[in-house]
Amino acid sequence: MGKQYGLILGVALLMACQSTSPPTGKDGTKAMTQLPSTRGEYQKVPLPKSARVDRILISKSESRMWVFSGKTLLKSYKVATGSGGKGHKQVEGDKKTPEGEYFVSGKHASGQFFKFIGVSYPNAKDRRAFKKAMKEKKLPAGSRIGSAIGIHGEKKGWEGKPHKLINWTLGCIAVDNDEIDEIYRAVKPKAKITILP
């Protein structure tokens with residue numbers, strides 16, 4: 001048991017040392033030229049009470065989320081995403097996190113995940129792709145596009161556990177409860193959400 005815990009801790013520390021720079025965008029620019037010094041999920045500097053988040057950037061491959069006010073980076077978070085692996089969400093039940101441009105569609109308390117910030121999946125592009133895949137019979141008959149994607153806290157019963165060591169969600173983006181608490185407080189209605197592969 002002691003060796004297994006040591007191995008898990010070692011992996012967690014390595015993951016925490018990964019790059020925290022936002023990925024390069026389609027136009028070749030970076031979301032920010034300089035990021036604050038962080039140690040991944042282990043540095044718990046809270047968002048200022050006055051912070052207002054109007055843009056969220058998520059990189060699935062880096063398991064990282066950045067929140068911005070205008071062009072100003074406010075904070076970086078380590079995240080867990082869908083357990084369905086790489087690729088864009090195509091259908092309900094594939095356990096993939098969608099990729100593309102979305103917005104905050106609402107927020108509410110959650111008995112299962114503490115607090116929940118809705119992501120506006122499916123968007124018009126998602127609906128077109130789903131309709132085309134169904135027409136071309138690339139998806140099983142009766143498939144549904146899915147919904148209820150969001151950014152949320154820890155699963156009930158997992159509070160305080162290192163849940164971000166693996167991607168475990170059904171397609172959502174998960175952070176710690178104290179992190180969702182401050183994001184929930186600071187995020188503006190209709191804030192832009194970009195999810196990258």
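Taking other Cβ atoms within 10 Å as a rough exposure proxy, Glu62, Glu159 sort from fewest to most as Glu159, Glu62. For the range 53-196, the Cβ-based charge dipole about the Cα centre amounts to some 660 debye (Lys, Arg positive; Asp, Glu negative; other atoms uncharged). Take the cross-link list Lys95/Lys138; Lys161/Lys188; Lys60/Lys89; Lys96/Lys125 and give me the ones stretching past 19 Å between alpha-carbons. Table pairs above 19 Å Cα-Cα are Lys161/Lys188. Classify the range 40-94 as rounded, prolate or oblate from the Cα gyration tensor: take a ≥ b ≥ c as the square roots of its eigenvalues, call it rounded if a/c is under 1.5, otherwise prolate when a/b beats b/c and oblate if not. Since a/c reaches 1.5 and a/b is larger than b/c, the shape of the range 40-94 is classed as prolate. Residue order for Met134, Met65, fewest other beta carbons within 10 angstrom first, comes to Met134, Met65.
Viscosity 1.567 mPa s, temperature 4 °C: Stokes-Einstein D of the range 53-196 from its Kirkwood Cα radius, in µm² per second? Answer, rounded: 84 µm²/s. Would you mind classifying the range 150-197 by shape? Square roots of the alpha carbon gyration tensor eigenvalues, ordered a ≥ b ≥ c; an a/c under 1.5 is rounded, otherwise it is prolate if a/b is larger than b/c and oblate if not. Oblate is the answer for the range 150-197, as a/c is 1.5 or above yet b/c matches or exceeds a/b.
Read-outs: derived from the displayed coordinates by stated rules, not from any lab. If you're wondering where the values come from, they're calculated on a predicted model, not measured in any experiment. For neighbour counting, all protein chains shown are included, and Cβ atoms are generated from backbone atoms with ideal geometry for every residue, glycine included.
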